[in-house]
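> My structure is below; once you've seen it, I'll send some questions.
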Amino acid sequence: MGMSSYVMDCEEKFMDEVAARIGQCESVSELGDSLLKDGCFNLIPDHLHMEILDECWYEYWSAYAS
């Protein structure tokens, strides 16, 4: 497995974890705390944590906006 495949697999695992939790969280910080507690942030580079969470949060909850 090449390095780029490994990185993409890690990102996919992280996104799977986000998708599994986001609907049960009341805020983006609660989502982040849940991911942090379970070590999910180890799957992606530090500088992407909040950027990805904010983007996922907006995309998920904007579908429910009126």
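The values are calculated or read from the model by the stated rules, or taken from the named source; none is laboratory data. Predicted model only: the values in this text are computed from it and were never measured. So basically every Cβ, Gly included, is an ideal-geometry build from the backbone, and we count neighbours across all protein chains shown. For accessibility, only protein heavy atoms count, side chains too; no ligands or nucleic acids. Shrake-Rupley method; radii C 1.70, N 1.55, O 1.52, S 1.80 Å.
> Over region 3-62, calculate the relative contact order: mean separation of alpha carbon pairs under 8 Å at least 6 apart, over the residue count, as a percent.
41 percent
> Restricting everything to alpha-carbon atoms, can you work out Rg to Rh for the chain with a Kirkwood hydrodynamic radius?
Result: Rg/Rh = 1.00.
> Residue by residue, what Karplus-based ³J(HN,Hα) values in Hz, rounded to whole numbers, does region 33-40 have, using 6.51, -1.76 and 1.60 with θ = phi - 60° and x for Gly and Pro?
Values, residue by residue: 4, 5, 5, 5, 4, 8, x, 5 Hz.
> Could I ask something else about it? How large is ³J(HN,Hα) for each residue in region 5-17, as worked out from phi by the Karplus curve 6.51 cos²θ - 1.76 cosθ + 1.60 (θ = phi - 60°), to whole Hz, x for Gly and Pro?
Residue by residue, region 5-17 yields 5, 4, 4, 5, 5, 5, 4, 5, 4, 4, 5, 4, 5 Hz.
> Right, another one. Take the solvent-accessible surface of the protein heavy atoms, probe 1.4 Å, and return the percent of it on the chain that carbon and sulfur atoms account for.
Of all accessible area on the chain, carbon and sulfur atoms account for 54 percent.
> If you don't mind, another one. Using the crude model of +1 on Lys and Arg Cβ and -1 on Asp and Glu Cβ, and no other charge, please compute the dipole size for region 1-63 relative to its Cα centre, in debye to 20.
140 debye
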